[in-house]
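K.L.:
Attaching a single structure in structure tokens format; questions to follow.
Every number here is computed from the coordinates shown, using simple stated rules; none is lab data. Treat the numbers as computed from the prediction; the structure is a model and nothing was measured. Quick reminder, even Gly has a Cβ in these numbers, built from the backbone with ideal geometry, and neighbours come from all protein chains shown.
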Amino acid sequence: MNKGKYYITTAIAYTSGVPHIGNSYEIVLADSIARFKRKDGYDVYFQTGTDEHGQKIELKAQETGVTPKAYVDRVAGEIRRICDALNTSYDKFIRTTDDYHEKQVQKIFKKLHDQGDIYKGYYEGMYCTPCESFWTESQLVDGKCPDCGREVKPAKEEAYFFKMSKYADKLIAHINAHPEFIQPVSRKNEMMNNFLLPGLQDLCVSRTSYKWGIPVDFDDKHVIYVWMDALTNYITGIGYDADGKSSEQYQKFWPADLHLIGKDIIRFHTIYWPIFLMAMGEPLPKQVFGHPWLLQGDGKMSKSKGNVIYADDLIDFFGVDAVRYFVLHEMPFENDGVITWDLMVERMNSDLANTLGNLVNRTISMSNKYFGGRVENKKVGVDAGAEDVDADLLRVLTDTYSRVSRKMDELRVADAITEIFTLFKRSNKYIDETMPWALAKDETKRDRLATVLYNLSNAILVGASLLEPYMPETAKRISEQMNAPLVDFAVLEKCAEEQDCATASTLYPSGTQVTQTPEILFARQDLSEVMEKVEAMFARRRVEADAEAGSGMDEKYVELAPKAEISYEDFEKCQFQVGLVLSCEEVPKSKKLLKFKVQVGGGTRQILSGIKQYYKPEELVGKRVMVLVNLKPREIAGQMSEGMILSAADEDGNLAVMTPERFVPAGSEIC
């Protein structure tokens, strides 16, 4: 069944650095939509890529001592590798340094200039380098960039401008006539009330203060501003030609059905991009969805803190499909989602290992135990009560496709996954209701037992088929273990529309032989073990960040007055060990003291340290510190201190607790 074309794009990733998991979420979200649409009968084209021009990249390249092209080649390669590592099924990976793209951008710029939509002037205002955006004083928030909150600097230069106001009324009319154009609705209201209705200013579309960009071919002192360059990738990537010789692919797939982007760049995609298209005489995309952000629950991700989470990290800990499940399931439709290590472990254990993995393993194992692996539908000897539970399982199974499809039409991907897991949970409940182990003890109920296991296998196969767009490898593994192909969506759709329970109840081929040794789909994780590994990983990152920050700088040093020499025997009397900070709190009525509970080896001890002005207690919990453990205990501020935590201080009084360079167990000797 061919339901027509479906063209979906992500925002192209900016190559100023390697994206963390919050950035990588978007490609997984787009991939799940693209995969679902393909299975649902659409001719899908899925495009992603990289945005590679601009002043920020030129500066980054200078800092690292390479050419801008060499810099973006490296980063773009990493971004594409991450897309592949997350098992995304894009059809096109475009780079804005691709020759065909650059040529079309130049032709588009000239076309708009020649028809009077672009004119030369000069710009004087406040400029944000990270966002590559100009702002007026009135647009700043507390004197800083309204988008990213960073510092802005005054800038003045000759530039070309696009006449945005010329098309503003037409865009407002389009948005009002197409309420689905900007989603969620809150994003539409923001664009209308904050930008369009107050009136648009003309937009700067060229720069002269840097060179890393696509040159204006009729005025090579200028390079085309990054947003006009970047946004046009959605049409150049499928064969648009400004001379009117666009490809068949462009004619087929444009306008895009969905631009999937982060909420922070909604303005560029719902105001600038539609107006550019209007000026070019091209149709507007059907929908722009500004998805929320995936945030780290225990604080902002920061390279200097060493706590940035990358897709590779999560894949190493949990596997690709578990990561895909987590980022898709934990993101609400409109509000920001939260990522924490303990929540990932919880989802891994409860949803994936238990609800799904245990269901598949138990069902296959019972089929092997009781019937030598042969799954057969007997449908005889069923009492009335049993028929009720069979019917309820079948009702959920039959309706799941419709519920998932409706959620996907609304781009509520997390809710769609929840609907699939509702089927898995109902299947687990069915095991409790039918008690196959009890049926197996009664030879007269052998046919009933066979039917129960068949019904479970049938439900699992349907659930796995629906799960494929979100967790493709898991669906494949289930299919292989059950020795049956995944069910086509067209069949599930027909069963749901016609409420054809007879067909829905027999989708798993009766008589199939399942695998003899079912594999564990998802292994349970121990949170404490995971956190030890995470802590070690972040510790290495902090060391790397400190080394990077100090590279190329003159090393400062501190001179201390020498103390009297000690003998080696004196030093040997000191016992230094690694301690793990289990808790830390302020000592009441003390301006300096923090009270630590520190694990050293198999025991714990209380240590007081006068470092309150340098650290918040929560910053130290979970850290591994260097402890002098055989210091004679003494009472400080009415409390006993059983050791000393070692720190380093510079001549200005700045203090840093000493921590191991890499992971070592609590209690390890420092020697």
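K.L.:
Name the aspartates and glutamates eligible as straight-distance cross-link partners of LYS623: C-alpha to C-alpha under 13 Å, and not fewer than 8 places from it in the same chain.
P.N.:
Hits, sequence-local ones excluded: GLU532, GLU535, GLU661.
K.L.:
Using the number of other C-beta atoms within 10 angstrom as an exposure proxy, rank LYS188, LYS263 with the fewest first.
P.N.:
With the fewest neighbours first, LYS188, LYS263 line up as LYS263, LYS188.
K.L.:
A follow-up question, please. Can you list residues from other chains, or at least 5 along the same chain, whose modelled amide H is less than 5 Å from the amide H of ILE94?
P.N.:
THR48, GLY49, THR50
K.L.:
Restricting to DSSP H runs of at least four residues, report the calculated mean residue ellipticity at 222 nm for the chain, -39500 (n - 2.57) per run over all residues, nearest 500 deg cm²/dmol.
P.N.:
The per-residue figure over the chain is -12500 deg cm²/dmol.
K.L.:
Multiply the residue gap between SER668 and VAL338 by 0.36 nm, knock off their C-alpha separation, and tell me the result in nm, one decimal place.
P.N.:
Net length gain for the segment: 115.3 nm.
K.L.:
If you wrap a convex hull around the alpha carbons of region 478-519, what volume per residue comes out, as a whole number of Å³?
P.N.:
Considering the Cα atoms of region 478-519, their hull volume per residue is 65 Å³.
K.L.:
Scaled to the compact-protein estimate 2.2 N^0.38 Å, what is the alpha-carbon radius of gyration of region 495-630, rounded to two decimal places?
P.N.:
Computed over Cα atoms of region 495-630, the ratio equals 1.99.
K.L.:
Let me ask another. Would you mind checking the pairs LYS573/LYS632; LYS379/LYS429; LYS378/LYS429; LYS60/LYS211; LYS563/LYS597; LYS153/LYS188 and listing those with alpha carbons more than 24 angstrom apart?
P.N.:
From LYS573/LYS632; LYS379/LYS429; LYS378/LYS429; LYS60/LYS211; LYS563/LYS597; LYS153/LYS188, over 24 Å: LYS563/LYS597; LYS153/LYS188.
K.L.:
Something else: Place +1 on the Cβ of every Lys and Arg and -1 on the Cβ of every Asp and Glu in region 1-145, take the dipole about the Cα centre, and give the residue among GLY17, ASN2, CYS145 whose Cα lies farthest towards its positive end.
P.N.:
After comparing all options, I get ASN2.
K.L.:
Would you grab the residues whose amide H sits under 5 Å from the one on LYS592? Only those 5+ places off in sequence or on another chain, please, with H modelled 1.01 Å from N.
P.N.:
none
K.L.:
Further, regarding this structure: Taking 8 Å as the Cα distance limit and 6 or more residues as the minimum spacing, I'd like the relative contact order of region 560-670 as a percentage.
P.N.:
For region 560-670, the relative contact order is 29 percent.
K.L.:
To continue, here is another question. Enumerate the amide H contacts of TYR225 below 5 Å, restricted to partners 5 or more residues apart or on another chain; note that Pro and chain-start residues carry no placed amide H.
P.N.:
Here SER206, ARG207 satisfy the definition.
K.L.:
Excluding residues on the same chain fewer than 8 positions from LYS494, give the lysines whose Cα lies under 22 Å from its Cα.
P.N.:
LYS3, LYS5, LYS37, LYS39, LYS407
K.L.:
Enumerate the residues in region 391-412 having an amide nitrogen under 14 Å from the point lying 7 Å beyond the Cα of LYS379 toward its Cβ.
P.N.:
Backbone N within reach: 391, 394.
K.L.:
With θ set to phi - 60° and the Karplus curve 6.51 cos²θ - 1.76 cosθ + 1.60, what are the ³J(HN,Hα) couplings of region 29-44 in order, to the nearest whole Hz, using x for Gly and Pro?
P.N.:
4, 5, 5, 5, 5, 4, 5, 4, 5, 4, 5, 8, x, 9, 8, 9
K.L.:
Over the chain, what relative contact order in percent results from Cα pairs under 8 Å that are six or more residues apart?
P.N.:
The normalised contact order for the chain reaches 11 percent.
K.L.:
To continue, here is another question. Can you give the log10 of the normalised intensity I(q)/I(0) at q = 0.19 Å⁻¹, computed with Debye over equal Cα scatterers of region 340-513?
P.N.:
-1.30
K.L.:
Under 1.5 on a/c is rounded, so check that first for region 9-132, then, if it is not, pick prolate when a/b is larger than b/c and oblate when it is not; a ≥ b ≥ c are the square roots of the alpha carbon gyration tensor eigenvalues.
P.N.:
oblate
K.L.:
In addition: How about LYS589: which lysines have a C-alpha closer than 18 Å to its C-alpha, ignoring those fewer than 8 places off in the same chain?
P.N.:
Output for LYS589: LYS612, LYS616.
K.L.:
Another question, if that's okay. Per-residue HN-Hα couplings for region 195-209, Karplus 6.51 cos²θ - 1.76 cosθ + 1.60 at θ = phi - 60°, whole Hz, x for Gly and Pro?
P.N.:
Working through the residues one at a time gives 10, 6, 5, x, x, 8, 8, 5, 9, 5, 10, 8, 9, 10, 7 Hz.
K.L.:
Something else about it: About the Cα centre, and with charges only on the beta carbon of Lys, Arg (+1) and Asp, Glu (-1), how big is the dipole of the chain? Nearest 20 debye, please.
P.N.:
540 debye
K.L.:
Rg/Rh for region 97-194: what does it come to with C-alpha atoms and Rh from Kirkwood?
P.N.:
Result for region 97-194 is an Rg/Rh of 1.02.
K.L.:
Normalised by the residues of region 340-513, what does the relative contact order come to in percent, with Cα pairs under 8 Å and at least six apart?
P.N.:
Averaging sequence separation for qualifying contacts and normalising by length gives 31 percent for region 340-513.
K.L.:
Another question about this same structure. Counting residues in region 560-670 as N, plug N into 2.2 N^0.38 Å and put the Cα Rg over that result.
P.N.:
Computed over Cα atoms of region 560-670, the ratio equals 1.09.
K.L.:
Next question, about the same structure. Which ³J(HN,Hα) values in Hz, rounded to whole numbers, follow from the phi angles of region 631-639 under the Karplus curve 6.51 cos²θ - 1.76 cosθ + 1.60, where θ = phi - 60° and Gly and Pro get x?
P.N.:
With coefficients 6.51, -1.76 and 1.60, one gets 6, 4, x, 8, 8, 10, 6, x, 10 Hz.
K.L.:
May I ask you to order 197-203, 620-626, 103-109, 634-640 by the average number of other C-beta atoms within 10 Å around their residues, highest value first?
P.N.:
Ranked by mean Cβ neighbours within 10 Å, highest first: 103-109, 620-626, 197-203, 634-640.
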